[in-house]
Amino acid sequence: MKKGFMRFAMLLCALALAACGKGGGEAADGAITVGFSQVGAESEWRTANTRSVKEALAAPEFNLKFSDAQQKQENQIKALRSFIAQGVDVIAFSPVVETGWETVLREAKAAGIPVVLTDRAVDVADDSLYVTLIGSDFVEEGRRAARWLLEDSEGQAGPIRIVELQGTVGSAPANDRMKGFKEVIDADPRFQIVRSQSGDFTRAKGKEVMEAFLKAEGRDGIDVLFAHNDDMAIGAIQAIEEAGLKPGEDIRIVSIDGVRGAFEAMKAGKLNATVECNPLLGPQLAQLIRDVHAGREVPKRVQVEEGVFTRDQAEAELPNRKY
Ligand code: AHR
């Protein structure tokens, strides 16, 4: 009886692992085995990104092994080591933070497994440790958010007090967006960043940190919120409303991603602008993997095209949004 149950449980586990390993599709003979380690499921952006990657790598020419790191670098390192042990053909991953990758990337290189970075960069002295990076220009996204603010503040007297909701500490988008934003606003003495704190790219944390900002600065102490992603801005909107203020009016808000939730908030007048960060990297990633596996030369950096959207464009643009 006990043995029968054990066999049944093992069969269930094997079936679950097989389903997980195939990433939803049925791999053909000679398929390219890809180990993909995703950051987590922290935002609307990430959900769309995961869907895009899984859809593109569900084609029979690929055998996808997908792993979710739940926003923890140690989980990603474990996943990468497991991909190396399994002898996958290509490793692709979106690194949760920038530093601390040298050792595991050297292990992949020693095993002869090419690494493709998606979405986020790593900070390594030896850039031969990865073949290519496909993703957005996060510094430029920060600059775009600041340029929108500059334009929207034309003719306004200072000081213009800004609070900043940063992304995950040590992540490429948090480091770069902060850098690009500061680069532009530092040239205008009217702007002051009065508070900066991480909201870890999540709605819940965005709300929590915005509540703390409002408490510390008072109802009249904040003019602008710059959020490193839309999810944190959406969480913050709730905090602003609960404090009896009007988001988008009493506090102007600019964020990054361009997800559907941000367009809905803009349509409702609660968010002023969003800078696009395109998560639909799957098809381009699939092509890069094909090229890398075939030994074809690929560019070291593949850029994604993106724009900026404001409240007056939200209603017309909303039906076109794919994420
Ligand atoms: O790396 C891209 C960033 O990660 C997105 O802007 C954010 O929403 C996500 O969590």
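Before moving on, here are some points about what is shown:
- Flag for Ser196 being of a type in the set (S, T, N, Q), more than 14 Å from the ligand (Cβ to nearest atom) and closer than 23 Å to Phe138 by Cα: yes
- Which numbered condition Ile289 misses (of (1) more than 26 Å from Arg143 (Cβ to Cβ); (2) touching a strand residue (DSSP E or B) at 6+ places or on another chain (Cβ under 8 Å); (3) surrounded by fewer than 21 Cβ atoms within 10 Å (Cβ to Cβ)): (3)
- Scanning the range 233-268 for residues that are within 17 Å of Thr310 (Cα to Cα) and either assigned to a strand (DSSP E or B) or of a type in the set (S, T, N, Q) (or both) gives Pro247, Ile251, Arg252, Ile253, Val254, Ser255, Ile256, Asp257.
- Which listed residue, of Leu280, Leu271, is closer than 26 Å to Ile91 by Cβ and not acidic (Asp, Glu): Leu280
- Within the range 184-200, none of the residues are of a type outside the set (A, V, I, L, M, F, W, C), assigned by TED's automatic domain parsing to the domain that holds Val163 and part of a helix (DSSP H, G or I).
- Residues considered: Leu225, Leu271, Leu318, Leu280. Of these, the only one that is in a loop (DSSP other than H, G, I, E, B) and under 30 Å from Glu211 (Cα atoms) is Leu271.
- Here the condition is being touching a Gly at 6+ places or on another chain (Cβ under 8 Å), β-branched (Val, Ile, Thr) and within 16 Å of the ligand (Cβ to nearest atom); of Ile234, Ile253, it holds for Ile234 alone.
- Evaluated against (1) in contact with a strand residue (DSSP E or B) (Cβ under 9 Å, 6 or more places away or on another chain); (2) surrounded by 21 or more Cβ atoms within 10 Å (Cβ to Cβ); (3) not hydrophobic (A, V, I, L, M, F, W, C), Lys54 falls short on exactly one condition, (2).
- If only residues of the range 65-99 that are assigned to a loop (DSSP other than H, G, I, E, B) and in contact with a helix residue (DSSP H, G or I) (Cβ under 6 Å, 6 or more places away or on another chain) are counted, the one that is farthest from Ser136 (Cα to Cα) is Asp89.
- Some residue of the range 293-304 being within 28 Å of Ile237 (Cα to Cα) and within 16 Å of the ligand (Cβ to nearest atom): no
- Meets criteria (modelled with pLDDT of 95 or more, surrounded by fewer than 24 Cβ atoms within 10 Å (Cβ to Cβ) and closer than 17 Å to Glu315 by Cα) for Lys270: yes
- With respect to the stated conditions, Leu285 is within 23 Å of the chain's Cα centre (by Cα), closer than 30 Å to Phe62 by Cβ, aliphatic (A, V, I, L, M) and within 15 Å of the ligand (Cβ to nearest atom).
So that you can scan it fast, the table gives a plain yes or no per residue for (1) surrounded by fewer than 17 Cβ atoms within 10 Å (Cβ to Cβ); (2) more than 24 Å from Ala216 (Cβ to Cβ); (3) touching a residue at least 40 places away in the same chain (Cβ under 8 Å):
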| site | (1), (2), (3) |
| --- | --- |
| Val90 | no, yes, yes |
| Val115 | no, yes, no |
| Val131 | no, yes, yes |
| Ser136 | no, yes, yes |
| Gly142 | no, no, yes |
| Ala145 | no, no, yes |
| Val163 | no, no, yes |
| Pro173 | no, yes, yes |
| Asp186 | yes, no, no |
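- Among the candidates Ser171, Ser136, Ser128, the residue that is away from the ligand (no atom under 13 Å from the Cβ) and hydroxyl-bearing (Ser, Thr, Tyr) is uniquely Ser128.
- Filtered residues of the range 12-46 (kept if modelled with pLDDT of 50 or more, assigned to a loop (DSSP other than H, G, I, E, B) and surrounded by 17 or more Cβ atoms within 10 Å (Cβ to Cβ)): Gly25, Ala27, Ala31, Val39, Gly40, Glu42, Ser43
- Scope the range 96-125; condition hydroxyl-bearing (Ser, Thr, Tyr) and within 16 Å of the ligand (Cβ to nearest atom); matching residues: Thr99, Thr118
The values are calculated or read from the model by the stated rules, or taken from the named source; none is laboratory data. All values reported here derive from a predicted model rather than from experimental measurement. Please note: Cβ atoms are built from the backbone with ideal geometry, for glycine as well, and neighbour counts cover all protein chains shown.
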